[in-house]
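Participant: Just passing along the structure, written as structure tokens.
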Amino acid sequence: MPKNRIRQLSRRGTRSEKSPLPGLARRTPRTTACHGCGALFARKTWRRDHKVKASAYDGVIWRTCPACRQVEQGDAYGKVVLQGAWAAANEDQIRRRIENVAARAEFTQPQRRIVSFERVGRGLEVLTTSQKLAHRVARELEKAFGGRASYAWSSSDRTLRAVWSHDAGGTRKRGAASARR
């Protein structure tokens with residue numbers, strides 16, 4: 001018997017009905033929608049990037065998506081710390097920029113969201129549901145307002161801590177400053 005035929009017959013370990021949480025199925029059914037955000041589970045991911053016909057919501061199973069659950073519980077996999085007096089003084093501009101970045105990311109990937117935006121001491125702290133969104137927020141702040149961002153990934157708890165700082169002296173990049181004038 002050829003080797004590929006033997007592998008085809010051996011199905012041990014390919015399917016598991018074990019669930020990480022008791023009472024919940026491991027796989028999300030194909031016709032599932034979220035209570036909180038209205039995202040629809042399609043093509044193995046939660047989506048909200050296209051218009052959905054009302055007939056698609058007939059017969060769906062209503063659950064809470066992982067991102068809504070993370071926001072409810074306050075769990076975050078990304079943290080952006082904004083340091084310095086300049087960040088506190090320009091909080092409105094920074095907040096608008098972060099909200100725009102989050103809205104753009106959430107359009108195609110509804111699992112990437114802002115969990116909280118808080119004032120901490122002289123700076124600000126933004127918690128996100130994913131590492132990628134935290135990285136994107138820090139990078140966009142660096143591009144828009146100058147300053148420096150540093151990143152620290154933790155392999156133990158799969159989180160990202162990004163620190164963005166801005167000097168009042170104007171560390172804005174030459175291209176960004178001339179484009180705004």
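Participant: Search the stretch 79-102 for residues that are assigned by TED's automatic domain parsing to the domain that holds residue 149 and more than 12 Å from residue 141 (Cβ to Cβ) and pair each with any residue that is loosely packed, with under 14 Cβ neighbours inside 10 Å and among the small types (Gly, Ala, Ser) when their beta-carbon atoms are under 7 Å apart and the residues are at least 6 apart or on different chains.
Facilitator: Between residues of the stretch 79-102 that are assigned by TED's automatic domain parsing to the domain that holds residue 149 and more than 12 Å from residue 141 (Cβ to Cβ) and residues that are loosely packed, with under 14 Cβ neighbours inside 10 Å and among the small types (Gly, Ala, Ser), the close pairs are 85/168.
Participant: Any idea how many residues of the stretch 114-129 are surrounded by 20 or more Cβ atoms within 10 Å (Cβ to Cβ) and in a loop (DSSP other than H, G, I, E, B)?
Facilitator: Matching residues across the stretch 114-129 total 1.
Participant: Which of (1) out of contact with any helix residue (DSSP H, G or I) (no Cβ under 6 Å at 6 or more places or on another chain); (2) outside any strand (DSSP E or B); (3) surrounded by fewer than 20 Cβ atoms within 10 Å (Cβ to Cβ) is the odd one out, the single condition residue 144 does not satisfy?
Facilitator: (1)
Participant: Residue pairs, Cβ under 7 Å, 6 or more apart or interchain, first in the stretch 45-62 and exposed (fewer than 13 other Cβ atoms within 10 Å of the Cβ) and modelled with pLDDT of 75 or more, second part of a loop (DSSP other than H, G, I, E, B) and not small (Gly, Ala, Ser). List them.
Facilitator: These pairs meet every condition: 59/31; 61/29; 61/31; 62/35.
Participant: Additional query: Any idea which of (1) assigned to a helix (DSSP H, G or I); (2) more than 30 Å from residue 35 (Cβ to Cβ) is the one residue 71 doesn't satisfy?
Facilitator: Going through (1) assigned to a helix (DSSP H, G or I); (2) more than 30 Å from residue 35 (Cβ to Cβ) one by one, residue 71 breaks only (2).
The values are calculated or read from the model by the stated rules, or taken from the named source; none is laboratory data. Fair warning: this is a prediction, and the values are worked out from it, not measured in the lab. Counting neighbours? That spans all protein chains shown, and the Cβs are built from the backbone with ideal geometry, glycine included.
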